[in-house]
Each structure stands twice: as structure tokens, then as C-alpha cells.
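The next block holds one structure in the form of C-alpha cells; read it before the comments.
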Amino acid sequence: MPRKARVKTTESIFHVICKSITEVSLFRDVDDKKKYLSLIKKYKTLYKFKIYGYCLMDNHSHLMIDANGSDISKVMHGINFSYALYFNRKYKREGHLFKDRFKSKIVDNDIYLKTLSLYMHNNPRSIVEYRTCPDEYAFSSLGIFLGKRRDHFNLVDYRYVMNHFGENLKIARENYYKLISPCSESSLKQEIEFEDTKTEYKSERRMLVRDITPEDIFDFISTRMNISKLHIHMKFSRNLVHAKALTVVLMRSICNFRSRDITSALGNVTQARVSKLSTIGIELIGTDSKYENIIEDFLKCYV
């Protein structure tokens, strides 16, 4: 029987659930969960989506993702494929790790947004030691929402969600804590199935429009790095690897280009090389202060 087509848009907020196959735990230890969060960070840097909350349990994960103009399938394929490679290599296994495709549901009204956030953050209550203190669970964003823990991975855009719970952050946190404390997982699970009420999201949410052309990116990189645009297309310009790598990152991030689209735009480069250049570019943005804001700098010029 063919799989049902996924409902998705580049402007939606999604509740994403990823589950492991029955006989395998998705996360076997703390390092596995840290790795998964680091991969979310990596692809968040690349695709500029937003995370409105997360909770990683042993055999599944919950994410609330604002696509912000990106393709949710590309985002989740990148995260889960990279994690599966890591997991299989670490535990010397082969085969599938995730149960079918990830599940996603569009969050299309304020009631669903608020209830989903509470439901997701209540998941740790199923763990005995966190039954009465889910905010102390390290791999949920609840502690960050309540201001009890720093966001070490710089992942969560919690203020947008908290705007729905109070007129300022202090009041919102007080209201959120009151709501999450008495909630039971079963009652919240029933609530999130109810999608009757349609309301508009608050104006603080703005979409990143991704109608940039490759030529815009070539112009920006050549100016930023003081090189000719022709050098970006040269096959054996090893001294210009960083320029090519950052060009690839911008094409994937802002243009939503696939690897074969990038090979066509650059010329003289294979899809395997595009993948390698993408990794180099992301590492540059994450480790070199000269490039840490390059995506934002580009957006200031062209969006």
C-alpha cells in the first residue's frame, strides 16, 4: 500500500515525532542525546528553521519546528540520517534505526500550540525520578522555558511560545509553571487531537523569504572574500575551498537547493563534493569568528 503523502508547507509550525524501531532504543546514553541535539544545532545553522521546544526520550523524540521557509523533509532527513550513521557506527550495527518516516503534524492554531508545548514538556513525568519535577530533565527544553537552565546548544526560540502565556516573560513563566504542574499526560494527549479552533498567530513570527538566486550568493561571497566570481567555479582552486564551502552553505540555507541543484549552479563539482563542502562550511560558521554571522550578514544585504 503506498504511503500517504506528507502534508507540509514552508510556512508552517510542525510537531515532529521520531521513533526508533521496536527492538532498539533511539538513545542508549547521555552522549547519544547530546549528539542528536548537536545535529539539530548543525542543521538549524544550515537551514535557519526555529525550534520552539524539544523533548528527547529513550525511544522517541518530540520537536516543535517552525520551518521558517525551509523544507521540513530536508531538515529531518539531514538530522535523522546523520544520527543513524553515528548510532550504527558507535554500536557496530547495520540496518534501519528509525521507525518509518518521521511523523509530522501542522500546528495550525494557538490552542494547539500552547497545549502541544505543555504536553511535550510533560513527557519526562513517565520517568520515575522526574514524576514530580519534569523541569529537571536535562533533555527537555522545559527548564529553559522556565529560566531554570541555560540553553547550552543555543537551540530554543522559547519567547515566541511564551508570548502566548503572558504579557511579559516573568508572568508567562509563572503561568506556564502553574499549567504544567497539575497536567496529566493523558488529558493533554486528548487535547492535542482537538483542532477545531482557528486563530492567527501573533505578529512576532516572521517568515524568512527564500527567493534568493545563486548569482546573488556569488556576488556576496566574491565581495566578502575579495575574490573573482570566476574563482568560485574553478575546479582545482584548493586555496579557495572556504569560499566554495560558504557558497554551498548559503545555497542550501537560503535557496533551499538540493545537492544536484548546487552542482548545476557551480559546475565542475560532484554531489559528493557538495556534501563535503557543506560540512566544511558549517564547521567554519561554528568555529571561525570571521564567518559566524555570514548567513545573517547575507540576509541583511539581500532580504
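So the values come out like this:
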item	result
Carbon plus sulfur fraction of accessible area for the chain, probe 1.4 Å, in percent	50 percent
Per residue, in Å², the accessible surface of the chain once ligands and nucleic acids are set aside, probe 1.4 Å	52 Å²
Extension gain (nm, one decimal) between SER38 and LYS178, 0.36 nm per residue minus Cα-Cα	47.3 nm
GLU283-ASN226 FRET efficiency (beta carbon distance; Förster radius 30 Å; 0.05 resolution)	0.85
Which listed pairs, of LYS44/LYS114; LYS50/LYS276; LYS33/LYS90; LYS244/LYS276, have C-alpha distances above 18 Å, in listed order	LYS44/LYS114; LYS50/LYS276
ILE17/GLU136 FRET efficiency (R0 22 Å; Cβ-Cβ; nearest 0.05)	0.45
Gain in span if fully extended, ARG93 to VAL30, counting 0.36 nm per residue against the direct Cα distance	20.8 nm
Range of Cα positions in the chain per principal axis (Å), largest first	62, 48, 42
Loop-located trypsin sites (Lys or Arg not before Pro) in region 20-119 whose Cβ has at most 14 other Cβ within 10 Å (DSSP)	ARG28, LYS92, ARG93, ARG101
Where labels lie 7 Å past Cα in the beta-carbon direction, separation of MET234 and LYS148 in nm	5.8 nm
Difference of contour (0.36 nm per residue) and Cα-Cα distance, GLN271 to LEU169	32.2 nm
Rounded to the nearest 20 debye, dipole of the chain from Cβ charges on Lys, Arg, Asp, Glu	980 debye
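The values are calculated or read from the model by the stated rules, or taken from the named source; none is laboratory data. Because the structure is a prediction, the values reported are computed rather than measured. Note: ideal-geometry Cβ built from the backbone for every residue, glycine included; neighbour counts use all protein chains shown. Calculation scope for accessible area: heavy atoms of the full protein, side chains included, ligands and nucleic acids excluded. Shrake-Rupley method; radii C 1.70, N 1.55, O 1.52, S 1.80 Å.
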